[in-house]
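Inspection log for the structure reproduced underneath, given as structure tokens.
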Amino acid sequence: GNLLDQLLGSEPGAPDQPDEPDQAEELNQPRNIRTMLNNADELGQPRGEFRTMCVRTCDGYFFPMSNAASPGDFERDQKNCESSCPGTEMQVFYTRGLNDDSASMTSSVTGRPYIELPTAYLYKQSDMPRPPACGCNAAQNFEIIAGNPPSPEQSEANVETTPFIPLPVARPDPGADPETLANAQGGLDREAIRRLAVKPVPSPTSLPPPEQRKVRVVGPTFLPDPAAATALQAPDPKAVP
């Protein structure tokens, strides 16, 4: 053989052949990956799909959101999670399988598992009180950030700077005649005319005294004549003979 064959240790005339074990390993490697992906459904882990859970971080309470969500759906689930329980912090956690333990689900915000949450499963502990303002639409304590009440000087300044809004004035009917408009401006309407047309009925107890009456009484004074007056005394008793 020549010098090159002696250096490489090849026998003269032997054909160059590839390393069969290495070639078989290279051919089997993508086939094994394909097998793992095809068996993913059997393992309960669909490719590219996750189960998302909505977690209330103040007490660890959670409920399901999506059973087949891709990583691109996490933002959508986060918005739905926040709108389903407003007033407190909500985070989306995900897990690969439907039967996975809830302690192993991972936060899409922090990347840490649920079991590391300080309030994990706190809602299940009846002896532990729930933190204040922890709940959906919970009442918030705004006195801390509201500041001190306004001083009297500030209140007076606010009153002085408040603009006065005049009340709207009724506009006259453009189709009304001038006499009707004048009556309306003077307060003379149908109701006022009706009240003026009704004559009051005097009651017997409301007659004016004689000196204020307009009717003059004419006639003699009926008094008895003193000469013709008859004594109304009893007659003297007569003696019996």
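The values are calculated or read from the model by the stated rules, or taken from the named source; none is laboratory data. Predicted model, so just to flag it, every value in this text is computed and none were measured. Here Cβ is always computed from backbone atoms with ideal geometry, including for glycine, and neighbour counts include all displayed protein chains.
Can you find, within region 65-98, the residue that is nearest to the chain's Cα centre (by Cα) among those that are of a type in the set (D, E, K, R) and within 22 Å of Pro118 (Cβ to Cβ)?
So, considering only residues that are of a type in the set (D, E, K, R) and within 22 Å of Pro118 (Cβ to Cβ), the one nearest to the chain's Cα centre (by Cα) is Glu82.
Scanning region 76-87 for any residue that is out of contact with any Pro (no Cβ under 8 Å at 6 or more places or on another chain), surrounded by 12 or more Cβ atoms within 10 Å (Cβ to Cβ) and assigned to a loop (DSSP other than H, G, I, E, B) turns up at least one such residue.
Of all residues in region 27-52, those satisfying the criterion of being at pLDDT 90 or above and out of contact with any helix residue (DSSP H, G or I) (no Cβ under 7 Å at 6 or more places or on another chain) are Phe50, Arg51. Taken together, Pro131, Pro118 contain a single residue that is surrounded by 10 or more Cβ atoms within 10 Å (Cβ to Cβ) and either closer than 30 Å to Met90 by Cβ or at pLDDT 75 or above (or both), which is Pro131.
Taking residues in region 61-89 that are farther than 23 Å from Asn99 by Cα and free of Cβ contacts under 8 Å to residues at least 60 places away in the same chain, and partners anywhere that are basic (Lys, Arg) and surrounded by 14 or more Cβ atoms within 10 Å (Cβ to Cβ), the pairs with Cβ atoms closer than 8 Å and at least 6 places apart or on different chains are Cys85/Arg56; Thr88/Arg56; Glu89/Arg56. When restricted to residues that are modelled with pLDDT of 95 or more and surrounded by fewer than 16 Cβ atoms within 10 Å (Cβ to Cβ), region 92-105 contains 0.
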